């Protein structure tokens, strides 16, 4: 996440060869991943890479959005804003997501999404 924050802050000083600004979006999820080491192009399979890709797709430009699995591991090291509870493809229930805003900051009260009856 520190690398993502550094990349995000550096993006403002970079421009494409045609002069337009460059942007990045980072999605991070933690969990079990299976890789195919025999492939010429390594392939990662599992819920974590799928979730990370979906988080990346909803992240605003130049931000990092993380899943609860990752936030649980690093919750005291970074500051966050709760993005909300997201309904993502392939997942039955909404999942909470957070935007990383910097090193050590305020805590968010709830780790879970309320389920509708």
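The values are calculated or read from the model by the stated rules, or taken from the named source; none is laboratory data. All of these numbers come straight from a predicted model, not from anything done at the bench. Note: ideal-geometry Cβ built from the backbone for every residue, glycine included; neighbour counts use all protein chains shown.
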### Meets criteria (modelled with pLDDT of 80 or more, within 19 Å of residue 95 (Cβ to Cβ) and buried (at least 17 other Cβ atoms within 10 Å of the Cβ)) for residue 53
no
### Query
If you take the residues of segment 74-93 that are part of a loop (DSSP other than H, G, I, E, B) and in contact (Cβ under 8 Å) with a residue 24 or more places away in the chain, which of them is surrounded by the most Cβ atoms within 10 Å (Cβ to Cβ)?
88
### Query
Taking the stated definitions as given, is residue 37 exposed (fewer than 12 other Cβ atoms within 10 Å of the Cβ) and touching a residue at least 40 places away in the same chain (Cβ under 8 Å)?
no
### Query
Mind checking which residues of segment 26-53 are farther than 16 Å from residue 1 by Cα and out of contact with any strand residue (DSSP E or B) (no Cβ under 7 Å at 6 or more places or on another chain)?
32, 36, 37, 38, 39, 40, 41, 47, 50
### Summary
Going through (1) surrounded by fewer than 21 Cβ atoms within 10 Å (Cβ to Cβ); (2) under 10 Å from the mean Cα position of the chain (by Cα); (3) within 22 Å of residue 10 (Cβ to Cβ) one by one, residue 68 fails only at (3)
